[in-house]
Amino acid sequence: MTRLLKFEFRKLFRQKSFYICGAVMVGLLLITTVSINFLMNLNDAMVQTSDGSISMGIEGYMNYNGLQMLSAALSECNFSIILAIFLSLFICGDYTNDTLKNVIAKGYGRVSIYASKFIVSLAAVSIYVVICWLTSFISGSAFWGIGTLSGDATPGSLAIALFTQLLLVYAYTAVFFFLCVLLRKTSGSIAIGILAPLVLSMILSLLDGFFHEKTFQLTDYWLDSLLVQSSGTFIPSDILTRGIVCSVIYLVLFAIGGHLIGRRHQV
């Protein structure tokens, strides 16, 4: 198992897509921060040349700071899309390049192979998450200062919100890992990984609109919505609980499902 982990980490850090996808995330976050700052400056100029009728728009922008950008980082850079692309390239390459066949021929079991690949994928995703958090915090602080936690927010509530976001990203990883093992084709996995979450979100939204239930929304239990709802310095306890429980369920089910499918594949 240790040798497999070393082998997978070596492949990860030698893979160009790992660095390219990370650079794209950073670039998108920086573009977002610069765009917000531009809009703030534009609104400031408009206030100076007109009456106070647009002051409400200014107040919305005044809340931005390093801590706010940190808490919203993962929902500001199309994280799930880039994650789907990276995992497809990283995982499906083992099938297209016959790497998996060669590893099995050396006597390693499928459980060890799957576990090592999954662990390294989680490690890579963790690196992406930390980079996104740091990029948003540093760029936000550079424009608007670090800021302070307002209202009921505390360092503890911010830490719990970030922890929930990390669990949700791990759940995303399990879902995309499952798709990659199921499809085994890079192009197909990328396409499905990008389109399936979008289509599912649309279907859930339509079902919510059809049933008109105000106390229960299907979209509240999907990863996209949970990640957005968890983006803040203070998140209500019911949302945090739902996010943590759902992320663990997604993570366990799709991790086990991916392993069961991978065992039946012929290589």
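The values are calculated or read from the model by the stated rules, or taken from the named source; none is laboratory data. Worth saying up front: this structure is predicted, and the values here are computed from it rather than measured. Here Cβ is always computed from backbone atoms with ideal geometry, including for glycine, and neighbour counts include all displayed protein chains. Surface accessibility is based on the protein's heavy atoms, side chains included, excluding ligands, DNA and RNA. Shrake-Rupley method; radii C 1.70, N 1.55, O 1.52, S 1.80 Å.
Quick rundown of the values:
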{"quantity": "Single unsatisfied condition, F210 versus (1) open to solvent by less than 20 Å² (accessible area, probe 1.4 Å); (2) at pLDDT below 90; (3) of a type outside the set (D, E, K, R); (4) assigned to a helix (DSSP H, G or I)", "calculated": "(1)"}
{"quantity": "Qualifying residue in the range 160-168 (condition: among the small types (G, A, S) and either open to solvent by less than 40 Å² (accessible area, probe 1.4 Å) or over 30 Å from I261 (Cα atoms) (or both))", "calculated": "yes"}
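Each row is one residue, and each column tells you yes or no for (1) assigned to a loop (DSSP other than H, G, I, E, B); (2) open to solvent by 30 Å² or more (accessible area, probe 1.4 Å); (3) in contact with a helix residue (DSSP H, G or I) (Cβ under 8 Å, 6 or more places away or on another chain); (4) among the basic types (K, R).
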position: A84; (1), (2), (3), (4): no, no, yes, no
position: S88; (1), (2), (3), (4): no, no, yes, no
position: Y114; (1), (2), (3), (4): no, yes, yes, no
position: L134; (1), (2), (3), (4): no, yes, no, no
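So that you can scan it fast, the table gives a plain yes or no per residue for (1) surrounded by 17 or more Cβ atoms within 10 Å (Cβ to Cβ); (2) of a type in the set (S, T, Y); (3) touching a residue at least 12 places away in the same chain (Cβ under 8 Å); (4) not in a loop (DSSP other than H, G, I, E, B):
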residue	(1), (2), (3), (4)
L158	yes, no, yes, yes
Y170	yes, yes, yes, yes
G188	no, no, no, yes
P197	yes, no, yes, yes
L226	yes, no, yes, yes
G232	yes, no, yes, no
I235	yes, no, yes, no
V245	no, no, no, yes
I261	no, no, yes, yes
